[in-house]
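This report concerns only the one structure given below.
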Amino acid sequence: MNVDPMKRHLSNLLGLALCPVVAFSAASAQLDRSNPDSPNPGIGEVSNTVAWADSAAADDADAGTAKADADPVEGTPLRQDVIDFLGGDRLHGRILSIESGAGVQWERADVEGTIQFSTANIDSIRLATLGDGQPHSGMADTRVRLKDGSEFPASLVSVDDATVKVDTWYGGNLEIKRSAVEFIHVVQKSAGILYRGPRGLEEWERQRGNRTGWRFHDGGLVSSDSSWIGRRIEDMPDQVRIDFEMQWAGQLALLVSLMPESLQNYSSGSYTIQLNSGYVYMYRNTQNGNQNLGQTQVTPLRMRNKVRVGIRLDRQAKTVALLVNGALVKQWKETGRWIANGDGLVFYSQGQGAVKVSEIEVAGWDGSLRDGLEGGEPMEADLVTLVNGDKVSGELLGMAEGEITFSASFAPDLKIPMERVAKIEFGGERGEMPAAAPGMVRAIFQGEGSLLIDLKSLSREAIEVTNGSFGGATLDPGAFKALEFNLDRKAEGQDGDVFLGPSDLTFD
């Protein structure tokens, strides 16, 4: 008698409930992680042409397993939370709670009762069912960066010699140690969301004659063929940010074409970033040909198989910047005429390996970039950057009622309205906050930013956390799209979040 592979998989899963070590064999059996010479540690050679008889059934079974409420848009699939395990396995369902020391409580529609997992084996949890998936309508007027790497939206209330007070829609009032703050960036422009997805192939245009080159699977666009997929972004502003998550197996070779006027002719009138295993190239594309504007080495593209990519374009300043995992990699400056004036966004897989693009977000951008890479020397004085580009160094005495008081060499009691301030950087030797310690969790916001937290508990109503910079807080779970665990183990380069399994390599 044939046994449904999904039922057999769930039977094995139930036998592991409450066990501190969880191992699923369906996907990980296809990956050889023991080869240290593999171009991507943690990934072995994966065939891109193997057809798996059970893959369609597995996809269909996962598509309706969660007990989450239906998506409010009629006809769209149910939203599900997703656990990614350090070993490379993945499970859809619905999160119920997390308790420090007790693990994660999880449910699926095809499993009676709840399942419990130890967080010691979890890479990340995508939180799709805790909120509406959209940033809060009230845009914060500042972005606060802490020395522990946290960066989050807030409204600045006051600053004194010991404390920075902010108000947040997701956690109320927070009192942050001034010594823990790296900078405060004042958001001068609205950064409305222009596109967030993907939600299916119908939103995208694919290469003519190659309808199987890209497919939609598990919330992302997947390809192991040589072909392109693209879409237009309505109301594309002069300053725009493009963020997406990228995972791959085998050799990474993905082109991202920016602002072409024609999707079909995306290699003309556009700038293209080529992402390879270890290197990034930038091209200027015109009808007369392609010009290489330079390359740079990117370690995470060589050491990992999953990164978060950020692209920042400014037509007026004629710049294109690339960030990987939140760190500025390089900014290119167009010395001639800006040639990208369209509204297109195109991904082109060169077919040298399998690649998945997900968590795509395109939005207006306020034009700010972190000054340089991480690890710079601390400043001896505070620094205020004004909206016109002028900078004043000295000592920030305080901020209250929409005005900062600053002591500079030429003015010991300088008053500056906040509407004239672009950025406040705190100097002095105040001590660095510790890096992510074992057990710390990174909570990723729905929009931009993250918080490094000690997670005490999570329910569908609230997240209880502590942070060395601001103490305890109760946060709205709907503000976050993901939780990342075991950050100290990720530092070794062992991402473990391998998206490719049997079902991922079979085209619909």
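The values are calculated or read from the model by the stated rules, or taken from the named source; none is laboratory data. Given the structure is predicted, the values throughout are model-derived calculations rather than measurements. All Cβ positions, glycine included, derive from the backbone under ideal geometry; neighbour counts span all protein chains shown. To get the accessible areas, we keep the full protein, side chains included, count just its heavy atoms, and leave off ligands, DNA and RNA. Shrake-Rupley method; radii C 1.70, N 1.55, O 1.52, S 1.80 Å.
Structural remarks
- Looking only at residues in the range 275-290 that are crowded, with 18+ Cβ neighbours inside 10 Å and not aromatic (Phe, Trp, Tyr), the one that is farthest from Ala340 (Cα to Cα) is Ser277.
- Pairs linking a residue in the range 288-305 that is without any contact (Cβ under 8 Å) to a residue 60 or more places away in the chain to a residue that is open to solvent by 70 Å² or more (accessible area, probe 1.4 Å) and of a type in the set (Ser, Thr, Tyr), with Cβ atoms under 8 Å and 6 or more positions apart or on different chains, are Gln295/Tyr279; Thr296/Tyr279; Gln297/Tyr279; Val298/Tyr279; Leu301/Tyr279.
- Members of the range 359-402 found to be modelled with pLDDT of 75 or more and of a type in the set (Asp, Glu), listed by number: Glu359, Glu361, Glu380, Asp382, Asp390, Glu395, Glu401
Here's the yes/no breakdown for (1) among the small types (Gly, Ala, Ser); (2) outside any loop (DSSP other than H, G, I, E, B); (3) in contact (Cβ under 8 Å) with a residue 24 or more places away in the chain; (4) more than 30 Å from His217 (Cα to Cα):
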{"site": "Arg312", "(1), (2), (3), (4)": "no, yes, yes, no"}
{"site": "Gln316", "(1), (2), (3), (4)": "no, no, yes, yes"}
{"site": "Leu322", "(1), (2), (3), (4)": "no, yes, yes, no"}
{"site": "Val329", "(1), (2), (3), (4)": "no, yes, yes, no"}
{"site": "Ile339", "(1), (2), (3), (4)": "no, no, yes, yes"}
{"site": "Val346", "(1), (2), (3), (4)": "no, yes, yes, no"}
{"site": "Val355", "(1), (2), (3), (4)": "no, yes, yes, no"}
{"site": "Ser358", "(1), (2), (3), (4)": "yes, yes, yes, no"}
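- Of the residues making up the range 275-316, those that are polar (S, T, N, Q), over 19 Å from the mean Cα position of the chain (by Cα) and more than 29 Å from Glu261 (Cα to Cα) number 1.
- Of all the listed residues (Leu301, Leu263), the sole one being of a type outside the set (Gly, Ala, Ser), open to solvent by less than 60 Å² (accessible area, probe 1.4 Å) and under 24 Å from Leu369 (Cα atoms) is Leu301.
- Residue list for the range 390-418, restricted to those being in a loop (DSSP other than H, G, I, E, B) and free of Cβ contacts under 8 Å to residues at least 12 places away in the same chain: Asp390, Glu401, Phe410
- Some residue of the range 229-246 being in contact with a helix residue (DSSP H, G or I) (Cβ under 9 Å, 6 or more places away or on another chain) and without any contact (Cβ under 8 Å) to a residue 24 or more places away in the chain: no
- Residue within the range 430-437 that is surrounded by fewer than 21 Cβ atoms within 10 Å (Cβ to Cβ) and modelled with pLDDT of 85 or more present: no
For every residue, the table says whether it meets (1) at pLDDT 90 or above; (2) within 17 Å of Pro477 (Cβ to Cβ); (3) part of a strand (DSSP E or B); (4) small (Gly, Ala, Ser).
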{"position": "Asp69", "(1), (2), (3), (4)": "no, yes, no, no"}
{"position": "Glu74", "(1), (2), (3), (4)": "no, no, no, no"}
{"position": "Asp84", "(1), (2), (3), (4)": "yes, no, yes, no"}
{"position": "Ile98", "(1), (2), (3), (4)": "yes, yes, yes, no"}
{"position": "Trp106", "(1), (2), (3), (4)": "yes, yes, yes, no"}
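- Output for the range 108-133, where each listed residue is open to solvent by 20 Å² or more (accessible area, probe 1.4 Å), within 23 Å of Ala479 (Cα to Cα) and part of a strand (DSSP E or B): Arg126
- Scanning the range 194-242 for residues that are among the charged types (D, E, K, R) and part of a strand (DSSP E or B) gives Arg196, Glu205, Arg206, Arg215, Arg231, Arg232, Arg241.
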